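The values are calculated or read from the model by the stated rules, or taken from the named source; none is laboratory data. As the structure is a prediction and not an experimental result, all values here were calculated from the model. A quick note on method: Cβ atoms are made from the backbone with ideal geometry, for glycine too, and the neighbour counts reach across all protein chains shown. Surface areas here come from the heavy atoms of the whole protein model, side chains and all, with no ligands, DNA or RNA. Shrake-Rupley method; radii C 1.70, N 1.55, O 1.52, S 1.80 Å.
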Amino acid sequence: MEKSRPQSPALGNKRLTKLRELYPECFVETQDQAGQIRIKVDFERLRLALGDQLVEEPQERFRLEWPGKRVALARAHLPATLVPRPVPEESRDFFATKNIFFEGDNLEALKILAGSYADRVQMIYIDSPDNTGRDFIYNDDFSTNSDDYPRESGAVDQSSQRLKAKVESSGRLHSKWLSLMAPRLSLARNLLSDDGVIFISVGEEECHNLKTLCQEIFGQANFRNTIFTRRHDKNLSRQFVSSGLFSLAVGQEYILVYSKNPQTRFNPVYRKASKSRGAKGYWKEFWISANRPTRRYPLLGVTPQSGQWKWKREVAEEAVKNYLDYLRFFQKKMSLEAYWARTGRQARFIRRDVDNRAMSQGVEHWEPPSEGIPRDTNWSDMLASRPLGLDFPFDSPKNPEVITELIKFSNVGRTGLVLDFFAGSGATAQAVMELNLADGGERRFILAQLAAPIKPGPQGFTDLAQVARARIRLVAEKIEAEFAGNQEPGLFVEPLSRQNPLDLGFRAFRLERPDFSARGWGPAGQTDDNQVSPAAEPRLPRSELERLFEVMTRLGLDLGSPVAEMVSALAVLSSREGPSPEAGLAEPGSDSQPEPAEARVLVVGSNELVAFFGQPITLDLVTWLAQLEPAKMAFLESGFKDDHVKMSVHSIFQRHSPYTEIIII
């Protein structure tokens, strides 16, 4: 039987499929070095098909360029070289939760997510790394160093002869930062759903470059806003008053907002009104400068000659009547606010102030009291950062209240998915959990954070990933303690009515080299010729759970899917309806020994994947597993009792579960 090797998802497959649907004549069959037939793009045919819509290389165009750009963007299309290793001991409610935390390079994490989360993420929030002249902790191998930059930027020729009078280090730093961001944003866009949106926090050092980069990746039509939040006030300027200020202290931070689709609409969000605004209404001009002739009707003796009234005629006329009724019957008894409340907070009012000489000629409508005022891009009432309040050694952690407001503003439904691949201290996870608690939602989060070294604190943390995981655990414990008394972790059910308990856990993974590379199971079909050999990089034996998640990654399955760990095959069969009493009997000619009760499997989701990595694999066991009718079935090749059992797998599954995909690794 030919061994089946699952492949890592090809990041460009979906785009190529769409391109093939539009231009089938531009795809041809070619033969690779191994003699395999491959479908490739004939670029010359595509060039002819596009005609004058194709921009030729020498033609000038508006775009952002930097040394290393082409290599950086190409990096996004290379397959993942790492796989996620489950770390249950660093997790919380590992088998029950649907939330995910990756420790490792977020570029690899995004490539892994491309297999199962493409077009599924409703919102991405990231706090982009600062570019203040310090070294990046994300040292991508395509980033330009100080030796290469002068040559790539054109400051020197190939023989290192200077062509420009001076080479500034700032250009290299900008190039390195852009090379860091470009492939990650390109991959992130593919993860967004059709109504998805990305929010990117950035300082003023790179705001202009980031916006230009995002215009290329997301499209200019998908730029929505630049929101700014307030930074903590600093008194640094006072120290230098006597000698003169070089510049003002930075008092705000930017959040760039991009959608995936120009038709995407957002939900209104509100800031808290002042005490007086919450208690008192006010009069506002009824005329606006828009140009709709049907709303130029006579009202209180005024007919606009340009512009228009705000409301339809019948609504405005009813509002005039409402105010006249108030003046006639209630003005001496109560305020207009009290009368409005008496009407159920629904009535509208219009009057005319004849002394007003504005465009409306004194026609005004009444704005009622409001506890919330619709937000614009000025979010200066919210701090960009907020102390953790958890006794953690971390500078300027992001304010989860800002992220919560962004989730409300975006199209994250009650069961939506939120991604943060520069997770920092884990503020996004806190925002998701607290919002779920507040409104009964079941949103999920996926976080990725490099194990960036930090200055050890009293808690003993040595890297940022440790801080983020600890913060998520402490926030979860705080929620449980507040709403569930002294219940044990994992038993918490919050008082809100919902179909499922509040998910306060996360499934932790570390990104490492694949276990199966030495067996020829490389990324995107590569053989182990391109892999690090076991001799060069020794590996400890992997657990069955680790093997399971590596298979799930290669198959593009949801890493947040429920997993039943080490379930007895006998127990699984006995819990299913309809298996025949002969399910455990051996086939004619097979061993007559009954299967041991301790033979156990791993089940993913509703039988999306069933895996058995133990031994020995006998005919009886294969029959049991086939009767589970899994969508996919994974075996470890070394586990088969003999070649006869291995060669019989296909026929047994054809009899009991003909649509199961068999995977032998």
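Suppose the filter is modelled with pLDDT of 80 or more, over 30 Å from S179 (Cα atoms) and surrounded by fewer than 14 Cβ atoms within 10 Å (Cβ to Cβ); does V28 pass it? So V28 passes the test. Kindly establish whether W309 is open to solvent by 30 Å² or more (accessible area, probe 1.4 Å) and either within 30 Å of N225 (Cβ to Cβ) or over 49 Å from the mean Cα position of the chain (by Cα) (or both). Spelling it out, it is not the case that W309 is open to solvent by 30 Å² or more (accessible area, probe 1.4 Å) and either within 30 Å of N225 (Cβ to Cβ) or over 49 Å from the mean Cα position of the chain (by Cα) (or both). Residues considered: G424, G457. Of these, the only one that is open to solvent by less than 30 Å² (accessible area, probe 1.4 Å) and under 19 Å from N99 (Cβ atoms) is G424. Taking residues in region 108-122 that are part of a strand (DSSP E or B), and partners anywhere that are open to solvent by 30 Å² or more (accessible area, probe 1.4 Å) and modelled with pLDDT under 95, the pairs with Cβ atoms closer than 6 Å and at least 6 places apart or on different chains are Q122/N411. For region 332-341, a residue qualifies if it is without any contact (Cβ under 8 Å) to a residue 12 or more places away in the chain and surrounded by 12 or more Cβ atoms within 10 Å (Cβ to Cβ), and the qualifying residues are M334, S335, A341. Going residue by residue through region 564-586, is there one that turns out to be surrounded by fewer than 20 Cβ atoms within 10 Å (Cβ to Cβ), touching a Phe, Trp or Tyr at 6+ places or on another chain (Cβ under 9 Å), at pLDDT 90 or above and not acidic (D, E)? For region 564-586, residues surrounded by fewer than 20 Cβ atoms within 10 Å (Cβ to Cβ), touching a Phe, Trp or Tyr at 6+ places or on another chain (Cβ under 9 Å), at pLDDT 90 or above and not acidic (D, E): absent. Is it true that I227 is more than 30 Å from K310 (Cα to Cα), surrounded by 13 or more Cβ atoms within 10 Å (Cβ to Cβ) and either β-branched (V, I, T) or touching an Asp or Glu at 6+ places or on another chain (Cβ under 6 Å) (or both)? No. Checking V412, V418 one by one, the residue that is open to solvent by less than 10 Å² (accessible area, probe 1.4 Å) and either within 30 Å of W340 (Cβ to Cβ) or in contact (Cβ under 8 Å) with a residue 40 or more places away in the chain (or both) is V418 and no other. Against the test of being more than 26 Å from S306 (Cα to Cα), within 48 Å of the chain's Cα centre (by Cα), crowded, with 17+ Cβ neighbours inside 10 Å and modelled with pLDDT under 95, the options P393, P368, P374, P397 yield a single qualifying residue, P397. Could you say whether any residue in region 602-619 is assigned to a helix (DSSP H, G or I), modelled with pLDDT of 90 or more and either of a type in the set (S, T, Y) or crowded, with 17+ Cβ neighbours inside 10 Å (or both)? Within region 602-619, one or more residues are assigned to a helix (DSSP H, G or I), modelled with pLDDT of 90 or more and either of a type in the set (S, T, Y) or crowded, with 17+ Cβ neighbours inside 10 Å (or both).
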